[in-house]
Amino acid sequence: MDIVPNYNVAIIGAGPAGCSCAIAILNAGIANVTLVDTSKTGKFHIGESIPPEMNPILRQLGIADAFQAQNHEPCFGSCSYWGSEKRGYNDSILSPFGHGWHLDRAKFNLFLVNEAAERGAKVLSGHSYQSSLKTEGGYQLNLKKEGEDSTTIEADFVVDASGVRSVFATDQGSKKQHETPLVCLALRFKNKGLREVSKLTHLKSVENGWWYAARIPNEQLLVTLYTNAETVKKLGLNDLKNWIQLLQQSPNTHQWIAQMEPIDQKLLGFPAQSFCLDHVVGENWMAIGDAASAYDPITSQGIIKSITQGMRSAEIIAHCKNGAKEALPYFEKEVFHQYEQYKEARQHFYNLEQRWPQSEFWREMHGLDKLVSSKPK
């Protein structure tokens, strides 16, 4: 077993939250940081758009120019059919921050890892967290890389940025406080070259959920249905034919794939969890990003939340290094407050749609089924 010298900070997870934490820590002059990168090369990442408000955040992190050089596709806003059949727009024409971006997520994630490495982070590629042991000065982490012996590293402080698995935090006893989860069923389409793929994102609410469509690299379009598990089972939506049939019943979305053809032979399925940990911090550790709290995609806050929390966590760690241990519970209160604000925003968006009062999906999103089930019999 290979024992690696002690790190000041070990960050489990090298997504937007973990990498922004590492970059901000190193920018602040705290050295000896490691990123435990569990990602697998070539893994598909669902496409995602970020709003113009991300631009000043990237500048604050010191990576805006390098990000611009990555040549991600611009996103000029969104069009939506929500609450009525009238089309609405939310564009970036008047935004003081410029336009948003359609991210190539695999490319973006690798970019963030490289930015952290260039600043001095030790990247443990392909390693996964297995277990931990509390020591007098911090933690001993047991890691595993496929095909290799286990590795043990020691760290004074641990940041859980492992995404919705929350691997370290749950090992420390944290529990997930869940909201109503969604299921994401997606299919990629390729352009036949007959017309340009729109640079807007598209949202459309329907009786059994809502559709999301966005441009992804190589003139492709990702079309996604967000619904709940009961609806997937009831309508057999794991079957591609049934999914396509439901798409055809939504003409405003279906027209987006006119003159396009599917890339995938089967649907890409992902859970879209919504939760917050009951304990986000502990002795010399904290959880950030989706490891601390996962948001419904309807709020479009996922990446911004992860990166800003990563940057904030660097400030908290610096305070802890200077002996201000009260910074950790203060950060936890911040995360809880942000989560309450998120829940209010989520409910607001879903309450805007009132056209299908008998729909099981919308009743659940409005909280009506919970009210019925909680009444005394």
Given the conditions (1) within 22 Å of Arg355 (Cα to Cα); (2) free of Cβ contacts under 8 Å to residues at least 24 places away in the same chain; (3) open to solvent by 30 Å² or more (accessible area, probe 1.4 Å), every one holds for Asn71 apart from (1)
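Here is a yes/no grid of residues against (1) open to solvent by 60 Å² or more (accessible area, probe 1.4 Å); (2) in contact with a strand residue (DSSP E or B) (Cβ under 6 Å, 6 or more places away or on another chain):
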{"residue": "Val280", "(1), (2)": "no, yes"}
{"residue": "Ser293", "(1), (2)": "no, yes"}
{"residue": "Ala314", "(1), (2)": "no, no"}
{"residue": "Lys325", "(1), (2)": "yes, no"}
{"residue": "His348", "(1), (2)": "yes, no"}
{"residue": "Glu353", "(1), (2)": "no, yes"}
{"residue": "Phe361", "(1), (2)": "no, yes"}
So Pro271 passes all but one of these: (1) assigned to a strand (DSSP E or B); (2) under 18 Å from Lys343 (Cβ atoms). Which condition number does it fail? (2)
Note: among Gly289, Gly310, just one is at positive phi, touching a Pro at 6+ places or on another chain (Cβ under 8 Å) and not hydroxyl-bearing (Ser, Thr, Tyr), namely Gly289
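Taking the residues in segment 211-230 that are over 22 Å from Gly100 (Cα atoms) and surrounded by 17 or more Cβ atoms within 10 Å (Cβ to Cβ) as candidates, determine which candidate is nearest to the chain's Cα centre (by Cα).
Out of the qualifying residues, it is Tyr226.
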Among residues of segment 205-236 being modelled with pLDDT of 95 or more and in a loop (DSSP other than H, G, I, E, B), the residue nearest to Pro271 (Cα to Cα) is Asn228
The residue that is nearest to Ala186 (Cα to Cα), considering only those in segment 48-79 that are in a strand (DSSP E or B) and in contact with a Lys or Arg (Cβ under 7 Å, 6 or more places away or on another chain), is Glu48
So if I check each of His279, His202, His254, which one is within 30 Å of Asn8 (Cα to Cα), more than 17 Å from the chain's Cα centre (by Cα) and either assigned to a helix (DSSP H, G or I) or not β-branched (Val, Ile, Thr) (or both)? His279
Residue pairs meeting the criteria (Cβ under 8 Å; at least 6 apart or on separate chains; first among the aliphatic types (A, V, I, L, M), in segment 312-332; second buried (at least 21 other Cβ atoms within 10 Å of the Cβ) and not in a helix (DSSP H, G or I)): Ile316/Met286; Ile317/Val9; Ile317/Phe157; Ile317/Val159; Ile317/Met286; Leu328/Val281; Leu328/Met286
Would you be able to say whether some residue in segment 297-304 is open to solvent by 10 Å² or more (accessible area, probe 1.4 Å) and of a type in the set (Gly, Ala, Ser)? yes
Sort out which residues of segment 290-305 are of a type in the set (A, V, I, L, M), part of a helix (DSSP H, G or I) and farther than 13 Å from Ala345 by Cα, and write them in order of number. Ala291, Ile303, Ile304
Residue that is at positive phi, modelled with pLDDT under 90, of a type outside the set (Phe, Trp, Tyr) and more than 17 Å from the chain's Cα centre (by Cα), where the choices are Gly42, Gly62: Gly42
As an exercise: evaluate Ala287 against (1) surrounded by 24 or more Cβ atoms within 10 Å (Cβ to Cβ); (2) hydrophobic (A, V, I, L, M, F, W, C); (3) touching a Cys at 6+ places or on another chain (Cβ under 9 Å) and give the number of the one condition it does not meet. (3)
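The values are calculated or read from the model by the stated rules, or taken from the named source; none is laboratory data. Since we're looking at a predicted model, the values are computed, not measured. No Cβ is skipped: glycine too gets one built from the backbone with ideal geometry, and neighbour counts run over all protein chains shown. Quick note on the areas: whole protein, heavy atoms, side chains included, nothing else; ligands and nucleic acids left out. Shrake-Rupley method; radii C 1.70, N 1.55, O 1.52, S 1.80 Å.
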